[in-house]
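Enquirer: What follows is a structure written as structure tokens; I'll ask about it next.
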Amino acid sequence: MSLIGNFLMQNRRIYQTRLIVPLFAIIVAYMIGILLKSSTYIIYLPLLISTTFLISFSYSFLSPPNTIEVFARRLVSDLSIEEIAYCRRVALIWVCFLGVNGGAAYYTACCTSLKIWSLYNGFITYIMMGLLFALELSYRSWRFRRYAGLPTDFIFKKLFPPKA
């Protein structure tokens with residue numbers, strides 16, 4: 001949580017806007033759904049979430065640094081050229097994931113039962129995001145062996161000792 005707080009307290013408005021605009025769009029859509037007493041907005045909310053973050057992450061390729069690099073620099077300010085390239089690849093993986101997830105969220109909203117929609121958007125998508133995050137964190141820890149104070153560092157330091 002302190003990473004998010006630290007990110008939001010920095011005087012880097014352009015980078016903050018990349019994440020605050022999608023959050024604002026999601027809140028507005030949710031409020032419209034409540035005001036209109038329409039479940040349609042709620043059913044399409046996962047699509048809106050994926051789409052807004054897809055746009056935000058994609059835009060960060062046009063206006064560097066990309067979103068993943070911004071988060072990485074909150075932990076380690078002196079990223080190497082190799083680490084910056086790695087951040088770009090990870091951001092691209094997230095863009096692909098968000099695109100596929102948005103497509104699946106749309107399909108479940110318009111073409112499946114509420115039971116299937118709930119299973120995918122309330123469970124499966126979070127399992128996939130958690131796996132993607134855990135795999136990326138494990139790979140990054142193995143590859144770079146730089147530890148910046150994350151709660152998982154004590155585990156990864158034992159598995160992948162820092163390079164001399």
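Enquirer: Scan region 121-140 and report the pairs whose first residue is assigned to a helix (DSSP H, G or I) and whose second residue is modelled with pLDDT of 95 or more and not hydrophobic (A, V, I, L, M, F, W, C), with Cβ atoms within less than 7 Å and a gap of 6+ or a chain change.
Expert: Here the result reads Asn121/Thr108; Thr125/Asn101, each pair linking region 121-140 to a residue that is modelled with pLDDT of 95 or more and not hydrophobic (A, V, I, L, M, F, W, C).
Enquirer: Now for a different question. Being in contact with a Leu (Cβ under 9 Å, 6 or more places away or on another chain), at pLDDT 80 or above and closer than 30 Å to Leu114 by Cβ is the requirement here; does Phe53 meet it? Walk me through how you get there before you give the answer.
Expert: Details: in contact with a Leu (Cβ under 9 Å, 6 or more places away or on another chain): yes; at pLDDT 80 or above: yes; closer than 30 Å to Leu114 by Cβ: yes.
The answer is yes for Phe53.
Enquirer: Let me ask something else. Filter region 94-104 for residues that are more than 10 Å from the chain's Cα centre (by Cα) and touching a residue at least 40 places away in the same chain (Cβ under 8 Å); which is surrounded by the fewest Cβ atoms within 10 Å (Cβ to Cβ)?
Expert: So, considering only residues that are more than 10 Å from the chain's Cα centre (by Cα) and touching a residue at least 40 places away in the same chain (Cβ under 8 Å), the one surrounded by the fewest Cβ atoms within 10 Å (Cβ to Cβ) is Gly99.
Enquirer: Can you tell me which residue in region 117-134 is farthest from Thr40 (Cα to Cα), limited to those that are loosely packed, with under 13 Cβ neighbours inside 10 Å and within 14 Å of the chain's Cα centre (by Cα)?
Expert: Ala134
Enquirer: Ok, one more. Answer yes if at least one residue in region 23-44 is buried (at least 17 other Cβ atoms within 10 Å of the Cβ), part of a helix (DSSP H, G or I) and within 13 Å of the chain's Cα centre (by Cα), and no otherwise.
Expert: The answer is no; no qualifying residue exists.
Enquirer: Turning to a different aspect of this structure: Can you tell me which residue among Tyr106, Tyr86 is under 27 Å from Ile42 (Cα atoms), in contact with a helix residue (DSSP H, G or I) (Cβ under 8 Å, 6 or more places away or on another chain) and either acidic (Asp, Glu) or in a helix (DSSP H, G or I) (or both)?
Expert: Among Tyr106, Tyr86, only Tyr106 is under 27 Å from Ile42 (Cα atoms), in contact with a helix residue (DSSP H, G or I) (Cβ under 8 Å, 6 or more places away or on another chain) and either acidic (Asp, Glu) or in a helix (DSSP H, G or I) (or both).
Enquirer: Follow-up. Given the conditions (1) under 25 Å from Pro151 (Cα atoms); (2) among the hydrophobic types (A, V, I, L, M, F, W, C); (3) surrounded by fewer than 16 Cβ atoms within 10 Å (Cβ to Cβ), and given that Cys87 satisfies all but one, which numbered condition is not satisfied?
Expert: So the condition that Cys87 fails would be (3).
Enquirer: Continuing with the same structure: Within region 57-78, is even one residue surrounded by 18 or more Cβ atoms within 10 Å (Cβ to Cβ) and free of Cβ contacts under 8 Å to residues at least 12 places away in the same chain?
Expert: yes
Enquirer: Something else about it: Could you check region 141-164 and list, in sequence order, the residues that are part of a loop (DSSP other than H, G, I, E, B) and either within 16 Å of Ala72 (Cα to Cα) or among the acidic types (Asp, Glu) (or both)?
Expert: Matches in region 141-164: Arg145, Arg146, Tyr147, Ala148, Gly149, Leu150, Pro151, Thr152.
Enquirer: Can you confirm whether region 135-150 contains a residue that is of a type in the set (Ser, Thr, Tyr), over 20 Å from Pro65 (Cα atoms) and in contact with a Lys or Arg (Cβ under 9 Å, 6 or more places away or on another chain)?
Expert: Yes, region 135-150 contains at least one residue that is of a type in the set (Ser, Thr, Tyr), over 20 Å from Pro65 (Cα atoms) and in contact with a Lys or Arg (Cβ under 9 Å, 6 or more places away or on another chain).
Enquirer: With the condition kept exactly as written, say whether any residue in region 76-89 is of a type in the set (Ser, Thr, Tyr) and modelled with pLDDT under 90.
Expert: Step one: filter region 76-89 for residues of a type in the set (Ser, Thr, Tyr), giving 77, 80, 86.
Adding the requirement that they be modelled with pLDDT under 90 leaves 77.
Yes; the residues of region 76-89 include at least one that is of a type in the set (Ser, Thr, Tyr) and modelled with pLDDT under 90.
The values are calculated or read from the model by the stated rules, or taken from the named source; none is laboratory data. Predicted model only: the values in this text are computed from it and were never measured. All Cβ positions, glycine included, derive from the backbone under ideal geometry; neighbour counts span all protein chains shown.
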